[in-house]
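**Student:** Quick one: the structure is below, and I'll ask about it shortly.
The values are calculated or read from the model by the stated rules, or taken from the named source; none is laboratory data. Since this is a predicted model, take the numbers as computed values, not measurements. We place every Cβ from the backbone using ideal geometry, glycine too, and count neighbours over all the protein chains shown. When the accessible area is computed, the model is the full protein with side chains, heavy atoms only, and any ligands, DNA or RNA have been set aside. Shrake-Rupley method; radii C 1.70, N 1.55, O 1.52, S 1.80 Å.
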Amino acid sequence: LMSTPVWVAGRIRNDSDQDDLVIEFRNPRIAYIDLYLDDGTDAPLLIRSGTAQPYDERAIDHPIPAFPFRLAPGGETEFLFRLESTGDMRFRLWLWDHPAFTDRAATAYYPEVIGIGMYLILAIIHFLIYIAIRERSFLYLGLFITSWQGYTLSVNGTGHKLLWTDWPWLADRATELSILLMTATFLLFAVSHLESRKQTPRLYRLVQAALLVLAAHVVFTSTHDGIARMYTLRYLSIAILLLLGWIVLYAIARGSRTALYFALSWVGVMALAGTLILFNLYLISARWILGSNLVAFLFLFSIAIWSSQLTIRLWRQTREYRRRLEERIETLSGLLPICANCKKIRDDQGYWNSVETYMGRHTDVDFTHGICPECIESLYGGLRKDNADPESNGG
């Protein structure tokens, strides 16, 4: 992690038979990327890119910063990159001939766009289920899927191209904000799915405190430009990961099968999250894991398992509710012994109960009282006649 300008120098040799070349800079999250290239003229060629630049000012319409230039076959030239950003300065440089770069760029992002569409449909389905049945776990899972897509769009540069084209502030912070939203929504989903508020109230209070810390860090990230926000996010992510592990293991120790299935489906994501943390701490080198489709596959696998668990739980709750409803209906079916005079009902123990008491015990019905027109006439009809007769009032 660095926050000061960095200069990178090198040489390029053109071993192809093309004179139109492209340098692809494999880190789309650096704010300023200036390429100085010796093209044989008096002044070096200057090409600018980075998230701090409006996207439509890029030399090539490509989510990853790319710099076109000309160099004769067999020729060599020197270049300088000036990098300025707050965050991870690691990158790779790919050198292409222009036709090969054009062919790859035309199809490289189709799988990602298709994946984004699939995840978007999945999130919408969870939102619709929440609207229909008001089960918060579906809402939190849908928000987690949405924030994951925000993270994906930020790390591959597609978000800068499609969404925050002229918004450098968001382009610089999109990855961090999406990680914070992912962490918060997944924390909410986990405690809702595992019913931690009811099962482990003390741990739930820790979750509430963690959510407040995450909200404070959103404000800090939104207003602070220093490197401190990157370090804070890194160690905060580790703390939240440990808290989630504690909640899941505690639920498993209490015999929760839901927590056990949750943990089994979460193993792959946890392993990748740990790998990412170790990679960001420069303790391991795992670029091939992070750059492959393994992350997306394990994420989709976990989402499918969690959605299935929620659906099964909902089905069981519906079945239990139907069973209780059928029991109540059976209780009220058949012949009820009722007094011909006072209308009390005799229960199975031989006690006589008022209609209100009996129905209140065996159904969800509550009673409110009134007087029907026939009873009003029989009880108070004479009073009404007296009020209408002038002689009754001393007239």
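**Student:** Just a yes or no: is a residue in region 48-61 hydrophobic (A, V, I, L, M, F, W, C), assigned to a loop (DSSP other than H, G, I, E, B) and buried (at least 16 other Cβ atoms within 10 Å of the Cβ)? Steps first, please.
**Tutor:** The initial filter retains those residues of region 48-61 that are hydrophobic (A, V, I, L, M, F, W, C), namely 52, 59-60.
From what is left, the residues that are assigned to a loop (DSSP other than H, G, I, E, B) are 52, 59-60.
The next check asks that each one be buried (at least 16 other Cβ atoms within 10 Å of the Cβ); those that pass are 52, 60.
Among the residues of region 48-61, at least one is hydrophobic (A, V, I, L, M, F, W, C), assigned to a loop (DSSP other than H, G, I, E, B) and buried (at least 16 other Cβ atoms within 10 Å of the Cβ), which makes the answer yes.
**Student:** Does region 249-259 contain at least one residue that is modelled with pLDDT under 80, open to solvent by less than 60 Å² (accessible area, probe 1.4 Å) and part of a loop (DSSP other than H, G, I, E, B)? It would help to see each step written out before you state the result.
**Tutor:** Here is the first cut: in region 249-259, the ones modelled with pLDDT under 80 are none.
No, region 249-259 contains no residue that is modelled with pLDDT under 80, open to solvent by less than 60 Å² (accessible area, probe 1.4 Å) and part of a loop (DSSP other than H, G, I, E, B).
**Student:** Are any of the residues in region 72-89 modelled with pLDDT under 90 and of a type in the set (Lys, Arg)?
**Tutor:** Looking through region 72-89, none of the residues is modelled with pLDDT under 90 and of a type in the set (Lys, Arg).
**Student:** If I ask for residues that are of a type in the set (A, V, I, L, M, F, W, C) and surrounded by fewer than 16 Cβ atoms within 10 Å (Cβ to Cβ), which ones from region 199-210 would you list?
**Tutor:** Leu206, Ala209
**Student:** More than 13 Å from Arg26 (Cα to Cα), touching a residue at least 24 places away in the same chain (Cβ under 8 Å), surrounded by 13 or more Cβ atoms within 10 Å (Cβ to Cβ) and in contact with a Leu (Cβ under 7 Å, 6 or more places away or on another chain): is that true of Phe79 in this structure? Explain how you work it out, then say what you get.
**Tutor:** Working: more than 13 Å from Arg26 (Cα to Cα): yes; touching a residue at least 24 places away in the same chain (Cβ under 8 Å): yes; surrounded by 13 or more Cβ atoms within 10 Å (Cβ to Cβ): yes; in contact with a Leu (Cβ under 7 Å, 6 or more places away or on another chain): yes.
So Phe79 fits the description; yes.
**Student:** State all residues of region 6-33 that are farther than 20 Å from Trp169 by Cβ, open to solvent by 40 Å² or more (accessible area, probe 1.4 Å) and part of a loop (DSSP other than H, G, I, E, B); if no residue qualifies, say none.
**Tutor:** Here is the first cut: in region 6-33, the residues farther than 20 Å from Trp169 by Cβ are 6-26.
Add one more test, that the residue is open to solvent by 40 Å² or more (accessible area, probe 1.4 Å), and what stays is 7, 9, 11, 13, 15, 17-20, 26.
If the condition is that a residue be farther than 20 Å from Trp169 by Cβ, open to solvent by 40 Å² or more (accessible area, probe 1.4 Å) and part of a loop (DSSP other than H, G, I, E, B), then Asp15, Asp17, Gln18, Asp19, Arg26 are the ones that fit.
**Student:** Continuing with this model, one more query. Looking only at region 62-74, count every residue that is open to solvent by 20 Å² or more (accessible area, probe 1.4 Å) and in a loop (DSSP other than H, G, I, E, B) and tell me the total.
**Tutor:** Initially, region 62-74 is screened for residues open to solvent by 20 Å² or more (accessible area, probe 1.4 Å), giving 68, 70-74.
If we keep only those that are in a loop (DSSP other than H, G, I, E, B) as well, we get 71-74.
Residues that pass the stated criteria total 4.
**Student:** With the structure loaded, tell me whether Pro54 is at pLDDT below 90 and over 30 Å from Tyr235 (Cα atoms) or whether it fails that test.
**Tutor:** yes
**Student:** Kindly indicate the residue of region 96-117 that is open to solvent by 60 Å² or more (accessible area, probe 1.4 Å) and hydrophobic (A, V, I, L, M, F, W, C) and also modelled with the lowest pLDDT among those meeting that condition.
**Tutor:** Here the residue is Val113.
**Student:** Among (1) outside any helix (DSSP H, G or I); (2) of a type outside the set (A, V, I, L, M); (3) at pLDDT below 75, which single condition is Phe297 missing?
**Tutor:** All conditions are met except number (1).
**Student:** Okay, moving on. Can you tell me which residue among Arg92, Arg70, Arg104 is closer than 30 Å to Ile227 by Cα and basic (Lys, Arg)? Before the answer, list the steps.
**Tutor:** Numbers: Arg70 fails: closer than 30 Å to Ile227 by Cα; Arg104 fails: closer than 30 Å to Ile227 by Cα.
Only one candidate passes the filter, namely Arg92.
**Student:** Out of region 152-181, which residues are open to solvent by 30 Å² or more (accessible area, probe 1.4 Å) and either among the acidic types (Asp, Glu) or under 10 Å from the mean Cα position of the chain (by Cα) (or both)?
**Tutor:** Of everything in region 152-181, those that are open to solvent by 30 Å² or more (accessible area, probe 1.4 Å) and either among the acidic types (Asp, Glu) or under 10 Å from the mean Cα position of the chain (by Cα) (or both) turn out to be Asp166, Asp172, Ile179, Leu181.
**Student:** Output the residues belonging to region 231-243 that are open to solvent by less than 40 Å² (accessible area, probe 1.4 Å) and over 23 Å from Phe301 (Cα atoms).
**Tutor:** Matches in region 231-243: Leu233, Arg234, Leu236.
**Student:** Residue under question is Arg48, and the condition is that it be closer than 28 Å to Asp225 by Cβ and basic (Lys, Arg); does it hold? Before the answer, list the steps.
**Tutor:** Working: closer than 28 Å to Asp225 by Cβ: yes; basic (Lys, Arg): yes.
Considered against the rule, which asks whether it is closer than 28 Å to Asp225 by Cβ and basic (Lys, Arg), Arg48 comes out as yes.
**Student:** Out of (1) over 24 Å from Leu139 (Cα atoms); (2) open to solvent by 80 Å² or more (accessible area, probe 1.4 Å), what's the single condition that is false for Trp246?
**Tutor:** The failed condition is (1).
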